[in-house]
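Any read-out appearing in this document is the output of simple, stated calculations on the displayed coordinates, not a laboratory observation. Since the structure is predicted, the reported quantities are computational estimates derived from the model, not experimental observations. When we count neighbours, we look across all protein chains shown, and the Cβ atoms used for this are built from the backbone with ideal geometry, even at glycine.
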Amino acid sequence: MLNELEHFPNHPLKTSTSSLGALTRFALRFALGVLAVRLRNDCYMTLKQPIKSPFSNCGKRLFAWMMATCSTAYEEAVAERKQALFSNLHGNVLEIGPGSGPNLSYYPHDIHWIGIEPNPFIHPYLQKEAERLGLSIDLRTGTAERLEAEDNSIDTIVSTLVLCSVPDLPRTLQEILRVLKPGGRFLFLEHVAAPQGTWLRKIQSGIRPIWQVIGDGCHPDRETGSALETAGFETVDYQQFRAPVPVVSPQIVGIATKKAAS
Ligand SMILES: C[S@@+](CC[C@H](N)C(=O)[O-])C[C@H]1O[C@@H](n2cnc3c(N)ncnc32)[C@H](O)[C@@H]1O
């Protein structure tokens with residue numbers, strides 16, 4: 001039927017078919033947007049009050065499932081960088097926003113791993129991954145802006161693709177500095193804003209309002225590198241690279257170190 005209509009560009013049936021298609025696409029996008037907004041709100045509501053409505057958790061469940069199933073190609077692309085980044089872990093290691101646990105396979109078994117993850121629906125995926133690897137983990141619900149850890153108590157903090165999503169980046173970095181031991185290290189792999197004036201930067205900024213809704217609060221044009229440099233670490237060393245993903249391809253990987261005790 002559609003093939004026949006291709007010969008008649010102005011056929012009324014063709015116009016109504018394409019309008020129907022556009023309407024369906026709009027309805028699907030709208031539904032996805034609503035789910036994502038619910039997810040974002042619920043993540044923070046959950047920390048203050050018990051979950052009541054099963055519908056209100058649909059978005060969170062969907063995002064948890066997406067995190068657990070859709071990141072294989074990206075993980076393969078960054079595997080070597082992660083191998084190098086996580087090569088020297090010991091003692092207390094705290095990971096913010098660990099998601100479904102793509103970093104767990106890099107960790108030695110003799111560390112004490114604490115995970116702070118606000119989305120409770122991702123916890124079972126992460127626990128399953130830890131069981132598969134035979135790792136014992138200490139997984140908590142919370143946010144990076146208020147870490148449940150003593151001052152100067154953690155040897156290493158890990159963050160991969162999380163600083164783009166935290167609602168308050170400066171506060172998160174101050175919390176990281178507070179709980180790290182003197183001389184402790186913050187290991188990060190994050191996507192960042194493209195350079196000012198580039199087409200990609202314009203796209204990142206233009207798409208931001210929609211991206212934040214569908215991406216759980218993610219800022220595609222966040223200047224995370226500069227925020228790290230001015231946060232108060234003694235040293236911040238990182239490399240920039242391009243990941244094989246659209247929009248958020250500019251990424252940084254590196255280590256920020258807290259000043260050692262004098
Ligand atoms: C894009 S996912 C990355 C997950 C995982 N780190 C990875 O590399 O695949 C972002 C993660 O940050 C978490 N997150 C969002 N806001 C957060 C906050 N304020 N504090 C801690 N984690 C947060 C999300 O729940 C999610 O697990």
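Approximating the spin labels as points 7 Å out from Cα along Cα→Cβ, the Ala84-to-Lys128 distance works out to 3.3 nm. Give me the dipole magnitude in Debye, nearest 20, for region 86-204 about the Cα centre, with unit charges on the beta carbon: positive for Lys and Arg, negative for Asp and Glu. Rounded to the nearest 20 debye, it is 440 debye. Cβ crowding within 10 Å ranks Arg178, Arg132 as Arg132, Arg178, fewest other Cβ atoms first. Cβ crowding within 10 Å ranks Glu129, Glu148 as Glu148, Glu129, fewest other Cβ atoms first.
For a paramagnetic label modelled at 7 Å from the Cα of Glu229 toward its Cβ, which residues of region 181-215 fall within the zone defined by backbone nitrogen distances under 15 Å? Residues 192-196 fall inside that zone. Measuring from a point 7 Å past the Cα of Ala261 along Cα-to-C-beta, which residues in region 205-244 have an amide N at less than 20 Å? Only 233-235 fall inside the zone, counting backbone N under 20 Å. Counting every other Cβ atom within 10 Å of each residue's Cβ, Glu190, Glu76 order from fewest to most as Glu76, Glu190. The Cβ shell under 10 Å around Ile114 holds other residues with a net charge of -2, Lys and Arg each +1, Asp and Glu each -1.
For Arg242 and Ser105, the difference between the fully extended length at 0.36 nm per residue and the C-alpha to C-alpha distance is 47.0 nm.
Across region 220-229, coupling constants 3J(HN,Hα) worked out from phi with the 6.51/-1.76/1.60 Karplus curve, θ = phi - 60°, read x, 10, 7, 8, 5, x, 5, 4, 5, 5 Hz, and Gly and Pro carry x.
Under 12 Å from the Cβ of Leu126, count the other residues' Cβ atoms, weight Lys and Arg +1, Asp and Glu -1, and hand me the total.
-2
Over 26 Å between Cα atoms: which of Lys82/Lys259; Lys128/Lys258; Lys82/Lys258; Lys202/Lys259 fall into that group? Exceeds cut-off: Lys128/Lys258; Lys202/Lys259.
Using a cut-off of 11 Å between beta-carbons, work out the net charge of the residues near Lys258 (Lys and Arg +1, Asp and Glu -1, Lys258 not included). Spelling it out: positives minus negatives among the neighbours equals +2.
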